[in-house]
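Notes for the one structure printed next.
The values are calculated or read from the model by the stated rules, or taken from the named source; none is laboratory data. For clarity, every value in this text was computed on a predicted model and none was experimentally measured. Heads up, the Cβs are rebuilt from the backbone with ideal geometry, glycines too, and the neighbour counts pull from every protein chain shown. Heavy atoms of the whole protein, side chains included, go into the accessibility calculation; ligands, DNA and RNA do not. Shrake-Rupley method; radii C 1.70, N 1.55, O 1.52, S 1.80 Å.
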Amino acid sequence: MTAALTGITPRPYQDEAHEFATRRDEAVVCLPTGTGKTLVGCMWARTRLNGPAVDRVLILEPSRFLVEQTHAYYEEYTNIPTTKLDGTTTPTNRVQQWGDGDIVVTTPQTAVNDTAHLDFDAVIIDECHHTTGQHAFKQLLDQVAYPYKLGLSATIPASKERDITTAIGPIHRRSWTDLPDEHVPEWIGEIYDTPYPDGYTDVVDILEDARREFAGTRLAGLPTLGIRMLCRDGALALEETLRRDTVMGDILRDDTLPVLDTCPATHKLNACRAALDEHDFEKAVLFVDRVTIAKQLNAELNEYTTTTLLGRVHTSSDAQQAAVENAQAEGTDLIIATAAGEEGIDLPAADLLIVWSNVVSSVRFIQRLGRIMRPDGTDAPRNAIYLATPDSPDYEALRRGIDEAHRAGLDITNINTDTLLTRSSVGRVKHALEGTPQQRSDLANTLNQPESKLDNWLRTNVRDSNVFYLYRVPDDLNDWRQSSKGISEFLGLDPDETQIADAARNNFSPGKDHRYYLQEPDIHILETEQPDLLNGDETTRLSASYGPSHQERGKHSAYGTVDTVTDTMTDHLADADSFYATISTDSHTPKFSFQMQYQGTATKPVINATVRNADAVATTLTDRLD
């Protein structure tokens, strides 16, 4: 098959860059973000693969987010078989996947770990300004020789030009002034991955255990908050919180602090340094949420002339005024600011923003900076760098932050929120469930995640109305006999003993182990593949207590058969986005009852599927107990 582009036509400046790169074995193309350097890479890969010397091309991306984004681009705009893999792929699966496709998109660290499997004739190094110092890009190029190399970048600092030319090849450069017909965005967004270092995953495991321990109590949210603090700001922020005299500290510090003491204080520091090192700027602003992190960074980043804006609550008025004057001074090149610190002051002109803490207040912060001209007085775009921890709530917070920024009218290019979704826990669950409704245990295997972590991912997806769930009656009905278990344990009886009255023994309470998770468009799949989840006799009288939120889950009620309860719920929830419901029944022949909790999108198909599921459960129990 001849490699080709599909559904896209290059612009003249992209043809020019492609011609420059294919005239030589090694080259670098530097085009402004948003002007299509990825397409130049596609064109170069197509040309090389159609030639006699290249059978396979390796594409290196600095983050998992960019692996997803670039893979999706090649899938959409070329006919070239393309595979993606990164460190989340198990070593066994990676061995096989290295041989799949004419193009493999991966991170340099993954490639460094698997050099024995790198059977490629050509390499594309995206964001090639990373190929200096101790970065994995440079380690790979030092270990593996490629006859054909193409570097791509939107920004190559003058200080790195010689190193990049030596490592890859001569540079073809175009700036915004060379492309007058192109839209100039206000901000160019980039994401720097900040994976958990050693020790952090142990802290997460401790907090996950605590979350299970406190499930169903008012304390259940505190371990989750601890995980968010850890992935967003680092061990130092969580440690400071746990040492305070608070309920959170009281219940978590004894188990967590000994492990936190062995962890790096700030796991995002290296990525922050890399972002500063890899961009030309006159003045940079580093946004953090926690004062303790701001102070730590001020001490750590002493290679820059820094000042810290903490706000009047944390410093005196005189100290705050002195910090503002220092920030505006020509010699200050790095301003470390908290949301509280920047309120009510005139921020100086800046051309680089680094967001350490992915919180909602960062949007307002960027808006304020957006009203400030660059130091050189031009309208060229500024760089907004986001530091984010993969496979953690931090990535989901980043996606929400970017979406909020777009809704607020901020012009940030180069970050595709759909791709971010695929890298977030929310997106991974949604992707795994597309066309494949699954039970919790099966989904844990699909995603290669422990059920404790998956439970939180599922809870987030259900809360945001991305997925909903139905129940399947277990083979062993004792799994649902929660109340009879308590009685039998108290009396020293087997749960199936006839001494326990049917009314108590058959009071069923389904658990999450017997939930089927699915998305609304896939209801029809259950109709054909799992009909017992939806098809009852539709004569059972059901009681439903429900509302548009957890707080209002008892606001409305309905009683009757499937059609009656569905219609009543749909009418009451017409203006709601989601619903919370308890559906129950009390059967006299045979004697049993159940109470089932449901949550989902307040659309008629989901409501109807939920009510039908309750009816199907009642039908199955009737057949099993008769």
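Structure data summary
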item	result
Long-range amide H partners of A4 with built H, under 5 Å	N79, I80
Nearest 10 degrees, 0 to 90: helix 451-463 Cα axis against the chain principal axis	90
Å² of accessible area per residue within the chain, as computed with a 1.4 Å probe and no ligands counted	43
Amide H within-cut-off set for Y516, under 5 Å, with H built and near neighbours excluded	L470, Y471, R472
E330, E434, ranked by accessible area, largest first (probe 1.4 Å)	E330, E434
Within straight-line cross-link reach of K512, lysines at Cα separation under 25 Å, skipping those fewer than 8 residues along the same chain	K430, K453, K485, K555, K591, K604
Label point distance in nm, R11-N478, each placed 7 Å from Cα along Cα→Cβ	7.0
Inter-probe distance in nm under a simple model that places probes 7 Å from Cα toward Cβ, at R162 and D114	3.7
Helix 37-50 axis, angle to the chain major axis (alpha carbon atoms, nearest 10°)	90
Tensor-based shape of region 1-71 (alpha-carbon gyration tensor, a/c under 1.5 rounded, otherwise prolate or oblate)	rounded
Cα-based helix-to-principal-axis angle, 361-370 vs the chain, degrees rounded to 10	30
Option label - percent of Cα pairs over 31 Å apart computed here, alternatives (i) 54; (ii) 60; (iii) 74	(ii)
Accessible-area composition of the chain, carbon plus sulfur, in percent [1.4 Å probe]	45
Computed helical MRE - 222 nm, the chain, DSSP H runs ≥ 4 contributing -39500 (n - 2.57), nearest 500	-12500 deg cm²/dmol
Theoretical gain in end-to-end length, A265 to D181 [0.36 nm per residue, Cα-Cα removed]	25.6 nm
Mean Cβ neighbour count within 10 Å, used as a protection proxy, ranking 569-578, 98-107 highest first	98-107, 569-578
Eligible lysines near K295 by straight Cα distance, threshold 27 Å, same-chain separation 8 or greater	K268, K283
Which of E127, E404 is most accessible, then next, and so on - probe 1.4 Å	E404, E127
Cα centroid separation, region 501-566 to region 114-183 (Å)	56
Sequence-distant residues sharing a close amide H with D391 (under 5 Å, placed H)	none
